[in-house]
């Protein structure tokens, strides 16, 4: 980002009040009453979310492990990088380690953080932490009760092509793969 763009600052909104209208197992929906400058007061629906971790597991061969699972909200199958929601204040790296074992059956000897992103910044507080996982070994945990996950191994090039071609529709996977693309390009030499 250039210095000129970084100096530009749109108006900030000030939270006047907040009302929780739903509180679930992991998510809370609230309505915030906001004021921005001298503009009229407005309301915004916000999802309070503890954050998540997205994992890019790289095998010794340089390929990537992705998951395929049924997503009831979309009524369709989804091809995704392993990911999951933090349990309360759980450190994101612990989330990454747990989700990798639950979703792929592997643990990793090393998790390299490569930043993160807000998957839906307009209405959610969720921040997704992205990790490259290496040194994989078989070490499964039981899948969640509503998961039936198939693990698919593919080349780095195949994952990036699926993202670019629109065959990956999961925002966490797409954004994490793009964020990691420079790192992943280094492993592309393993692509056949």
Check: Stretch residue 78-residue 125 to full length: gain in nm at 0.36 nm per residue minus the Cα-Cα span?
Finding: 14.6 nm
Item checked: For the stretch 65-79 versus the stretch 6-55, the gap between their alpha-carbon centres in whole angstrom -> 29 Å
Item checked: the chain: antiparallel DSSP beta bridges as a percent of all, rounded to 5 -> 85 percent
Check: Given the stretch 116-192, what whole percent of its Cα pairs are spread farther than 18 Å?
Finding: 55 percent
Margin query: With 19 Å as the cut-off, how large is the P(r) tail for the stretch 52-190, expressed as percent of Cα-Cα pairs?
Written below: 47 percent
Note to self: Which residue fluctuates most in the GNM of the chain (Cα springs below 10 Å): 32, 76, 148?
What the structure shows: 76
Check: In deg cm²/dmol, rounded to 500, what helix-only [θ] at 222 nm does the chain give when every DSSP H run of at least 4 residues adds -39500 (n - 2.57) and the total is split over its residues?
Finding: -6500 deg cm²/dmol
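Each reported figure results from applying straightforward, stated rules to the coordinates on display, with no laboratory input. Bear in mind the structure is a predicted one, so any value in this text is a computation, not a measurement.
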